[in-house]
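A.B. asks: Before anything else, here's the structure in question.
The values are calculated or read from the model by the stated rules, or taken from the named source; none is laboratory data. Just so you know, these numbers come straight off a predicted model, no measurement behind them. Backbone-built Cβ (ideal geometry, glycine too); neighbour counts: all protein chains shown. These area figures cover heavy atoms from the full protein model, side chains too; ligands, DNA and RNA do not enter into them. Shrake-Rupley method; radii C 1.70, N 1.55, O 1.52, S 1.80 Å.
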Amino acid sequence: MSNRQNCDSGSLSPLELYERVTTQGDKVRSLKAAEAPKDEIDTAVKLLLSLKLMYKATTGQDYKAGSPPTDFTPINNAPAITEDDDFVDPWTVQTSSAKGVDYDKLIVRFGSSKIDKELISRIERVTGQKPHHFLRRGIFFSHRDMNQILDAYENKKPFYLYTGRGPSSEALHVGHLIPFIFTKWLQEVFDIPLVIQLTDDEKYLWKDLTVEKAYEYAIENAKDIIACGFDINKTFIFSDLDYLGMSPGFYKNIVKIQKHVTFNQVKGIFGFTDSDCIGKISFPAIQAAPSFSSTFPQIFKGKEDIQCLIPCAIDQDPYFRMTRDVAPRLGYPKPALLHSVFFPALQGAQTKMSASDPNSSIFLTDTPKQIKTKINKHAFSGGKDTIEEHRKYGGNCDVDVSYMYLTFFLEDDDKLEQLKQAYTSGALLTGELKKALIETLQPLIAAHQERRKQVTNEMQALAQALIEEDHGE
Ligand code: TRP
């Protein structure tokens, strides 16, 4: 082991180097504590110093114990965040604030960049399209390397989109649509290929589900995703359980990624412990692989250097921080990212919605009546307790879930602003704001249900066609 440390540290990532420095520091301390022979301590100290130098040369920063390099900050067990109330990883989102997670803090902690006015106007300039209301309203609020994507678009260089879903239940709720609605807009604006990964394997590993059930959910969820209206000729949806076993391109990239990420790293990033099954420990490589164009030789004709743009909710970022860290060592471009906020539960913005609690969200299978009842009964209100007080002091849009939902689904900026003003001033009552939401969601969900009915066979045929093409590769 110590020989390896000497000879290959030149090709290490910032995080690997950081870990080597930390381990070596511990070693020096324990040698000193054990009063080991002087020359042994000296050798260990020398190695520590050279690792620190290498760390500085690679990251441009001095090594600081307890603060890993910024593009790659572990989020679960980093002591620096224990006094923080918000907790975000791919499986848990928790905050004590009714306004929801503090996203500016998250940008700092994750080392991503804010989607600011300047970037939004550049998107508008470069594409000639009015930016989607998810961008204008800060619903997609953070990014990595989006400027590179816009450069590529300006220079007519190809790139592609990648997003996904873990099929943990049969019916999707409206929050699940957010990344797909936005991805559809991006596909339209840029006119580029899109791959959609359904991680039924992930859900089998994490949840109490059989393989068969997880696959069944993937097939059902794919119908809802197709119903969002992607360009059928440029979109490839696949279930991991189905597709992975028949794609050599995919599997080759998975093992390449697996070879370049250590157990220590995934422990740091995802909080895995020694008692997690090895399926979980190796899964991140499976979610990372579609970020590289060589994973899909049938789509990209074997090209390895086509950059990928990933729209996703911010809780998926740990996967892609890992991906971006290994990419250069595999000779692949780092994927760019666009991050969205979480969709709040009806009961309040403290947590992400749960597909297993029917009252925590509006499902795509809900009837108009169910939508109405759920919103009236369960949507957390920022209004005052009595009509008199409400008229006098006004409602609070920052914590009102009906208002939050309207920012996602009511496209008309003027109407949204009017509602906000009227609610804040007290002129509009909670019941009236809820009515505006009900009237926005009912037709939207009915239209979705209609489109879903029509896609069934078409989507099966499409996915199948692409898989067969890959067979012949
Ligand atoms: N892990 C994601 C989930 O549980 C699914 C997923 C796979 C994904 N690949 C992705 C999400 C790429 C966004 C982008 O929902």
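A.B. asks: Tell me whether segment 375-398 contains one or more residues that are open to solvent by less than 50 Å² (accessible area, probe 1.4 Å), part of a loop (DSSP other than H, G, I, E, B), of a type outside the set (G, A, S) and not assigned by the TED database to the domain that holds Y319.
C.D. replies: yes
A.B. asks: Sticking with this structure for a sec: Answer yes or no as to whether L428 is out of contact with any Leu (no Cβ under 6 Å at 6 or more places or on another chain), at pLDDT 95 or above and among the hydrophobic types (A, V, I, L, M, F, W, C).
C.D. replies: yes
A.B. asks: Follow-up. Please find, among F296, F300, F238, the residue that is surrounded by 15 or more Cβ atoms within 10 Å (Cβ to Cβ), aromatic (F, W, Y) and touching a Gly at 6+ places or on another chain (Cβ under 8 Å).
C.D. replies: After ruling out the rest, the residue left standing is F296.
A.B. asks: Please work out which residue is nearest to the ligand (Cβ to nearest atom), limiting yourself to segment 157-200 and to residues that are modelled with pLDDT under 95 and among the polar types (S, T, N, Q).
C.D. replies: Here the residue is S168.
A.B. asks: Has segment 90-99 got at least one residue that is modelled with pLDDT under 95, within 15 Å of the ligand (Cβ to nearest atom) and crowded, with 19+ Cβ neighbours inside 10 Å?
C.D. replies: Taking every residue of segment 90-99 in turn, at least one turns out to be modelled with pLDDT under 95, within 15 Å of the ligand (Cβ to nearest atom) and crowded, with 19+ Cβ neighbours inside 10 Å.
A.B. asks: Only residues that are over 15 Å from G245 (Cβ atoms), part of a helix (DSSP H, G or I) and within 15 Å of the ligand (Cβ to nearest atom): list them for segment 201-213, please.
C.D. replies: E202, K203, L205, W206
A.B. asks: Check Y332 against each of (1) open to solvent by less than 30 Å² (accessible area, probe 1.4 Å); (2) under 28 Å from A446 (Cβ atoms); (3) in a loop (DSSP other than H, G, I, E, B) and name the one condition it does not meet.
C.D. replies: Y332 satisfies every listed condition except (2).
A.B. asks: V189 passes all but one of (1) within 20 Å of C308 (Cβ to Cβ); (2) out of contact with any Ser or Thr (no Cβ under 6 Å at 6 or more places or on another chain); (3) open to solvent by less than 30 Å² (accessible area, probe 1.4 Å); which number fails?
C.D. replies: Condition not satisfied by V189: (2).
A quick yes/no check of all residues on (1) assigned to a loop (DSSP other than H, G, I, E, B); (2) at pLDDT 95 or above; (3) closer than 18 Å to P248 by Cα:
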| position | (1), (2), (3) |
| --- | --- |
| D274 | yes, no, no |
| K280 | no, yes, no |
| F283 | no, yes, yes |
| Q287 | no, yes, yes |
| S294 | no, yes, yes |
| Q298 | no, no, yes |
| C308 | no, yes, no |
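A.B. asks: Pairs under 6 Å by beta carbon, first residue in the same structural domain as E411 (by the TED database) and at positive phi in segment 138-156, partner open to solvent by 20 Å² or more (accessible area, probe 1.4 Å) and part of a loop (DSSP other than H, G, I, E, B), six or more apart or different chains?
C.D. replies: none
A.B. asks: Just the residues that are surrounded by fewer than 21 Cβ atoms within 10 Å (Cβ to Cβ) and either in a helix (DSSP H, G or I) or touching a Leu at 6+ places or on another chain (Cβ under 9 Å) (or both), please, taken from segment 138-158.
C.D. replies: D145, M146, N147, Q148, L150, D151, A152, Y153, E154
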